[in-house]
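Student: Before anything else, here's the structure in question.
No lab work stands behind these numbers, since they all come straight from the coordinates. Worth saying up front: this structure is predicted, and the values here are computed from it rather than measured. Methodologically, a virtual Cβ is constructed for each residue, glycine included, from the backbone with ideal geometry; neighbour enumeration extends over all protein chains shown.
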Ligand code: 9UX
C-alpha cells in the first residue's frame, strides 16, 4: 500500500503539551499512519493513506483543535519497511 507524507507548518503551539494535542488531532483522522510534531521547528510530518484522507482534511483537523496548519510539502512515503507478514528466517 503506498502512503504519502505531508509536511505542515504548524502555528499556535505555545507549550510543549501542544505537540501532543496536535499529534493526536492528526492521528484521529482516519488513514493517518504516523504523525510527528516538532515544537521548536513548528512543523509536522504526517504519513497517511491517500485513499482515506488528504492534506486538506489533515490541516482542517488541526485547525479545529485551535492551531494553524499550512501544507509545505507532499511526497510519496518510502516503501522501505518490509511487510510484517513476510517470513523472517529464525
Ligand atoms: Mo499548553 Mo497547548 O498549556 O494546546 S497544551 S498551550
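Student: Under the classification rounded if a/c is under 1.5, otherwise prolate if a/b is larger than b/c and oblate if not, where does the chain fall, given a ≥ b ≥ c as square roots of the Cα gyration tensor eigenvalues?
Tutor: Since a/c reaches 1.5 and a/b is larger than b/c, the shape of the chain is classed as prolate.
Student: Can you tell me the relative contact order of the chain? Whole percent, Cα pairs under 8 Å, sequence separation 6 or more. Before the final figure, lay out the partial values.
Tutor: On the way: 151 pairs, mean separation 36.8, N = 90.
Over the chain, the number comes to 41 percent.
Student: I need 43, 17 ordered by Cβ neighbour count within 10 Å, fewest first.
Tutor: 17, 43
Student: On to the next question. Counting only helical runs of four or more DSSP H residues, what would the 222 nm mean residue ellipticity of the chain come to if each run contributes -39,500 (n - 2.57) and the total is spread over all its residues?
Tutor: Helix contribution divided over all residues of the chain: -7500 deg cm²/dmol.
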